Amino acid sequence: MTKQQADAADMSDEELLNAVGPAFGKLRRSSLLEVEDPISQKDLGRTLVLNVVLEIGQDGAREVTVGAVGAHLGTDPSVASRMVSDCISAGYLVRAASQQDGRRTVLHLSPEGEELMVRFRRHQRSAFEYITADWSERERLDFARLMLKYVASQESLRRRGA
């Protein structure tokens, strides 16, 4: 057991729950670990936008616009526009005319964007396996299930605010 694991085991319930927020902040930074096929810091930031484009467009019911990306990320339109423009300049996103409203522009991943996301998923998996190397298989799977449950529950909070 590492010192951090021992410290967590000795925390009160209140201390443990208060430590969750800062721990989430560290999760994003762990994506920069030098594991198989590392992702540059610049492309890591771009994956935020690409993930949102994939998530919004997942069900096919909504077209993905710059405004939708901004709303999903909780940024103002000018910030979202700059982030999307950067992804377009890097070749990861393409603009297309909306099939529902020809005046509107929608976003799609380019083949290069799709390849980056495949690499990013591989990178995330490698980082997870490295970080949890000394965990039991049961702990790994339990954590994965609970993380997915947490994210799904977080969506209900997002919908509540809409």
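Could you please state how large a percent of the accessible area of the chain is carbon and sulfur, counting protein chains only and using a 1.4 Å probe? Don't jump to the answer; show the numbers that get you there.
Values: 6130 of 11030 Å².
Percent of accessible area from carbon and sulfur atoms in the chain: 56.
Accessible area per residue for the chain in Å², computed with a 1.4 Å probe and the full protein assembly in place, what is it? Write out the running numbers ahead of the final one.
On the way: 11030 Å² over 162 residues.
That works out to 68 Å² for each residue.
The values are calculated or read from the model by the stated rules, or taken from the named source; none is laboratory data. Computed from a predicted model, the values in this text were never measured in an experiment. Heads up: the accessible areas ignore ligands, DNA and RNA and are worked out on the full protein's heavy atoms, side chains in. Shrake-Rupley method; radii C 1.70, N 1.55, O 1.52, S 1.80 Å.
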